[in-house]
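Here's the structure we're looking at; comments come further down.
The values are calculated or read from the model by the stated rules, or taken from the named source; none is laboratory data. Computed from a predicted structure; not experimentally measured. Please note: Cβ atoms are built from the backbone with ideal geometry, for glycine as well, and neighbour counts cover all protein chains shown.
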Amino acid sequence: MVENTDLLKILVVDDEKDIREGIERILKRMKYTVLKADRGEAALEILGKETVDIAILDLKMPGMDGMELHQRIRDIDEKIIVIIITGYATIETAIEAMKQGAYDFIPKPFEPEHLRIVVRRAHEKLRLIKEAEMLQAERARTLIDLDMEKSRIRTIVESLPTAVVVTNTSGEVVLMNPAFLASLDLDESVMAGEKLEFYVDDMGFREMVLKLSQGQIDAESEAPTYELVVSGSKYLMARGQSVINENNECMGAVVTFANITSLKMLDQLKSEFVAKVSHELRSPLSTIHEQLALVLKETSVNETDVDQHLIERAKEKTHGLISLIGDLLDLSRIEAGGISHNIQSIQVADLLKSIVDFLGIRAQSKDQSLTFELASDALPFFIADPMALESIFGNLIANAINYSPKGAVIVVKAVLAGKYIKVRVSDNGFGIAPKYHDQIFERFYRVKNDDTRYITGTGLGLPIVKGLVDSLNGEIKLDSDVGRGATFTVLLPV
């Protein structure tokens with residue numbers, strides 16, 4: 001862009017000395033650099049040595065006239081702006097000059113202000129032309145950089161060993177790599193550009209990706225995951241994230257896939273091993289337990305209290321091992337999906353009442369109050385395996401009894417809350433510190449303190465409850481603190 005007029009060169013070509021010098025005086029006052037020539041040939045010599053921005057040519061000169069010189073200048077550099085000076089200010093002359101590419105013309109005689117106006121307009125045009133050229137060059141450079149950046153990103157994504165797919169806000173695949181095609185057993189010739197359902201059949205997966213693509217999942221929350229089964233034998237773990245631009249707008253989603261088939265197989269082998277070992281141990285342990293009970297029953301009065309205590313402890317330990325084996329088998333069945341074979345309509349209120357009645361005897365032995373409250377007139381039927389519900393609420397109520405002192409109050413309350421059956425099991429027992437709330441659902445984890453050190457348990461009850469609730473698409477929550485009891489809330493979708 002030309003802003004400093006000292007850097008702008010103007011060539012004045014006229015055979016009349018007074019006009020050349022008069023134009024020079026005017027232009028120098030305007031801070032332009034002025035070059036002069038008295039004929040066309042001299043002007044061409046100057047153009048061979050100097051770079052000129054504007055040329056002011058007299059139309060009628062001896063030898064090479066202004067029109068011919070204008071054409072020669074255009075052959076040298078089309079960017080030079082040419083202004084014609086003519087003493088023959090006719091329409092025909094002006095039209096001819098314009099047709100040949102002249103920017104403007106000035107008729108003789110002319111006033112200094114007229115010359116200044118025409119030169120300023122030419123200067124402004126030159127500035128705009130150079131500015132447009134710079135913008136065009138910048139745009140071209142930006143497009144080249146963008147294209148190179150896109151090419152680099154595409155090369156990186158395609159070379160990744162991890163399967164990657166990128167979608168836009170409409171759920172269309174805009175980018176994917178060969179690992180994605182291989183992971184989903186798709187042909188190598190499959191191209192991007194189709195809706196996600198063209199590549200993946202799983203409806204749940206597509207819904208998750210569409211929500212991510214449209215920004216319906218909080219971008220700051222933990223990236224959601226989805227387990228995908230391909231061809232019935234390949235397991236993929238998909239993890240997605242919304243793509244947010246600098247204006248905090250959602251542009252789509254990016255999803256990566258990890259092959260977890262080997263982990264699934266290992267988990268299955270582990271479950272089979274646990275189930276097999278548990279079955280093999282249950283029978284001999286049950287026999288030992290029964291024999292210890294028989295020995296205690298037939299103990300003579302002559303035997304010492306120490307001997308009887310040892311047998312009682314042995315019987316107690318074998319009972320604990322049998323409970324552990326039962327819980328391990330329950331976990332194996334949950335993982336294998338075998339806990340939900342007997343699906344039927346269940347009246348949750350009746351089931352809860354029967355569990356409370358059954359465990360009420362245990363609560364009474366500790367002088368505890370165990371009651372059931374139905375907050376709604378009626379609860380809708382729930383479709384599930386009754387054994388699953390019995391295991392969920394049986395474990396929660398049994399824990400409330402075990403982890404509450406004598407005289408405690410335990411309340412089981414059921415209510416219809418919107419689209420959920422909400423069941424709360426509350427006690428005023430020892431309570432659980434908030435720092436342990438997440439850990440208590442881990443296998444074999446037990447909170448040990450002065451209040452619970454003598455309470456026996458396997459640490460598998462709550463993991464079983466959590467697994468069963470998850471399998472029913474439900475939710476379990478805990479509200480508790482040390483010294484103020486615990487409330488477990490189970491939400492079951494109806």
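Brief remarks follow.
- Verdict on ASN473 being buried (at least 18 other Cβ atoms within 10 Å of the Cβ) and either modelled with pLDDT of 85 or more or more than 20 Å from ILE355 (Cβ to Cβ) (or both): no
- PHE205 satisfies every condition listed in (1) touching a helix residue (DSSP H, G or I) at 6+ places or on another chain (Cβ under 6 Å); (2) within 22 Å of THR162 (Cα to Cα) except (1).
- Selection over region 242-260 of residues that are surrounded by 15 or more Cβ atoms within 10 Å (Cβ to Cβ) and free of Cβ contacts under 8 Å to residues at least 40 places away in the same chain gives a count of 2.
- Within region 477-494, the set of residues being within 14 Å of ALA400 (Cβ to Cβ) and either under 31 Å from the mean Cα position of the chain (by Cα) or free of Cβ contacts under 8 Å to residues at least 12 places away in the same chain (or both) comprises LEU478, ASP479, THR489, VAL490.
- Evaluating THR371 against the criteria (1) in contact (Cβ under 8 Å) with a residue 40 or more places away in the chain; (2) surrounded by 13 or more Cβ atoms within 10 Å (Cβ to Cβ) leaves one unmet condition, (2).
- Residues located in region 95-117, provided they are assigned to a helix (DSSP H, G or I) and buried (at least 18 other Cβ atoms within 10 Å of the Cβ): ALA97, LEU115
- Top-ranked residue in region 79-92 [being buried (at least 18 other Cβ atoms within 10 Å of the Cβ) and more than 18 Å from TYR32 (Cβ to Cβ); ranked as modelled with the lowest pLDDT]: THR86
- Unique residue being out of contact with any Leu (no Cβ under 8 Å at 6 or more places or on another chain) and either farther than 19 Å from LEU7 by Cα or surrounded by 20 or more Cβ atoms within 10 Å (Cβ to Cβ) (or both) when the list is ASP75, ASP53: ASP75
- Positions within region 375-406 being touching a residue at least 12 places away in the same chain (Cβ under 8 Å), surrounded by fewer than 17 Cβ atoms within 10 Å (Cβ to Cβ) and more than 23 Å from PRO463 (Cα to Cα), in sequence order: ALA375, SER376, ALA378, PRO380, PHE381, PRO405, LYS406
- Residue within region 390-405 that is closer than 20 Å to ARG484 by Cβ, in the same structural domain as ILE343 (by TED's automatic domain parsing), over 46 Å from the mean Cα position of the chain (by Cα) and outside any strand (DSSP E or B) present: yes
- Flag if ALA414 is in the same structural domain as ARG484 (by TED's automatic domain parsing), farther than 15 Å from LYS353 by Cβ and touching a residue at least 24 places away in the same chain (Cβ under 8 Å): no
- Filtered residues of region 176-197 (kept if assigned to a helix (DSSP H, G or I) and either surrounded by 14 or more Cβ atoms within 10 Å (Cβ to Cβ) or in contact with a strand residue (DSSP E or B) (Cβ under 7 Å, 6 or more places away or on another chain) (or both)): PRO178, ALA179, PHE180, LEU181, SER183, LEU196
- Only one of ASP385, ASP427 that is within 39 Å of the chain's Cα centre (by Cα) and closer than 21 Å to SER354 by Cα: ASP385
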